[in-house]
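The values are calculated or read from the model by the stated rules, or taken from the named source; none is laboratory data. Note that the structure is a prediction, hence the values are computed from the model and not measured. All Cβ positions, even for glycine, are placed from backbone atoms using ideal geometry, and neighbour counts span all protein chains on display. Keep in mind that these areas ignore ligands, DNA and RNA; they rest on the heavy atoms of the full protein, side chains included. Shrake-Rupley method; radii C 1.70, N 1.55, O 1.52, S 1.80 Å.
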Amino acid sequence: MLAGILLALIGLGDVVRARTGADAHRQRTLTTIAVVVLWAGVSAVAWLGLGVPVWGVLVTVVLAAAWIATTAPVRAGTGTADDDDHDAPTTRGLLRRSGSWPAVLLALAVAVLLLWGPLPDGTGFVVDWHDGSGLAFVDAVPLAAVVGGVGSALFLVDSANVVVAQALPPGLQRGATTGAEADDLRRRFGRRRRADADAEQSGDSTVSLKGGRLIGPIERLLLAGFAMAGAFPVVAALIAAKGIVRFPEIRRETTGYQAEYFLIGSLVSWAMAFAAAGMCWLLAHS
């Protein structure tokens, strides 16, 4: 259950960070207040409603705070946010440009909490509601699986975008290149931009798809849901449909940039969706 609470804390934090504007200096105070209030509410529900020990709640809050401190949010159309993190090499900026290690450590923490975390004492208002709801579909799902499902869903909305951005090589991260990296990106992919301009001048009406920040969360939630329901043909159809839709855009491009971006992002995104489904299945059958 602690794994689900941890994912819920991180997911709520990233939902707030991704929607509080691009100016980090003016929005940081508001973001911090909103995250603290939401985390206090989740912690109270975990302690008083689910019977989680206080020290277990504190562990999840500390781990979630470490995630927030070492990652940058991903906002629609801007890539990784907090532009100040890409300027002077401050301690905060270096932490947030440190690659995929926060995601790796988070995966290890979730695995430890899932396999060896303490069990709640079985008392609290949420436990009482679950036990006495009288609803067949509620009684059929263990409370731990419900918490894991809610936490996974919150994580797959915006936090998973952070993981995908961390997994992409620096040259493929939108808004994350400066100086020498930007020069290298121009050399590598300059032909693509010239080809796009030539296509526009020749009347090519094909447009690049820009809805990845919205499509990604929807896709992950659908894949996780259908995987938990055992609808694997639907899962295969969704994956195939994404490849078909993206194929014209990838075929137009001649440098390999779009193909690499699509493959890395899609594989990481799918892996997180299936991992979330697997965690919920394990909680439901433990």
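Among the conditions (1) farther than 30 Å from Val147 by Cα; (2) at pLDDT 80 or above, the only one that Pro248 does not satisfy is (2).
The residues of the range 218-272 that are surrounded by fewer than 18 Cβ atoms within 10 Å (Cβ to Cβ) and within 16 Å of the chain's Cα centre (by Cα), listed by number, are Ile218, Leu221, Leu222, Ile264, Leu267, Ala271. Of all residues in the range 76-125, those satisfying the criterion of being modelled with pLDDT under 55 and open to solvent by 90 Å² or more (accessible area, probe 1.4 Å) are Asp83, Asp87, Pro89, Thr91, Leu94, Arg97.
Might you let me know whether the range 14-29 holds any residue that is buried (at least 16 other Cβ atoms within 10 Å of the Cβ), touching a Gly at 6+ places or on another chain (Cβ under 7 Å), in a helix (DSSP H, G or I) and touching a residue at least 60 places away in the same chain (Cβ under 8 Å)? No, every residue in the range 14-29 fails to be buried (at least 16 other Cβ atoms within 10 Å of the Cβ), touching a Gly at 6+ places or on another chain (Cβ under 7 Å), in a helix (DSSP H, G or I) and touching a residue at least 60 places away in the same chain (Cβ under 8 Å).
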